[in-house]
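Visitor: This is the structure I want to talk about, given as C-alpha cells.
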Amino acid sequence: MLPKDTAFRAVDNEAVILHLGSGNYYSLNHVGKRMFELVQNGICEVDEIIEKIAAEYKVDSAMVKNDIEELVTDLVRENLIEIRTDLRAAASPKE
C-alpha cells in the first residue's frame, strides 16, 4: 500500500505520510490513522475497513465510505499510496 519511497508515522491520534522523493506529505486525522492501522493488521477489504470504523466511531457506514474513498483518492493522486490487487502484498510490512 505504501510505495517504497514513502514513510508513515503515527503521532498520538494523528499520522503523517511523507513521500521521500518529492517531499509531499499528508496529515491524517484519527480516522485516517485508524484506516492505516487496520491495513497494517491485515484488514485490506475496503468494506471491512468501513464497517469496523463505522462501528468503532458509532457513525453511519455511508459517511465513512465517502470519507475513506475521498482520502484514498487524494493519497493516490499525491503518489503517497498504491492500490494493490494482491491483498497479501498490501498487508505485508514495508521492508
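Throughout, read-outs are computed from the coordinates displayed, never taken from laboratory work. Bear in mind the structure is a predicted one, so any value in this text is a computation, not a measurement. Glycine gets a Cβ as well: all are built from the backbone with ideal geometry, and neighbour counts include every protein chain shown.
Visitor: Out of the stretch 21-36, which residues are assigned to a helix (DSSP H, G or I), of a type outside the set (G, A, S) and surrounded by 15 or more Cβ atoms within 10 Å (Cβ to Cβ)?
Guide: V31, K33, R34, M35, F36
Visitor: Then there's this: For the stretch 46-58, does any single residue satisfy the condition of being within 16 Å of F8 (Cβ to Cβ), free of Cβ contacts under 8 Å to residues at least 24 places away in the same chain and outside any helix (DSSP H, G or I)?
Guide: Looking through the stretch 46-58, none of the residues is within 16 Å of F8 (Cβ to Cβ), free of Cβ contacts under 8 Å to residues at least 24 places away in the same chain and outside any helix (DSSP H, G or I).
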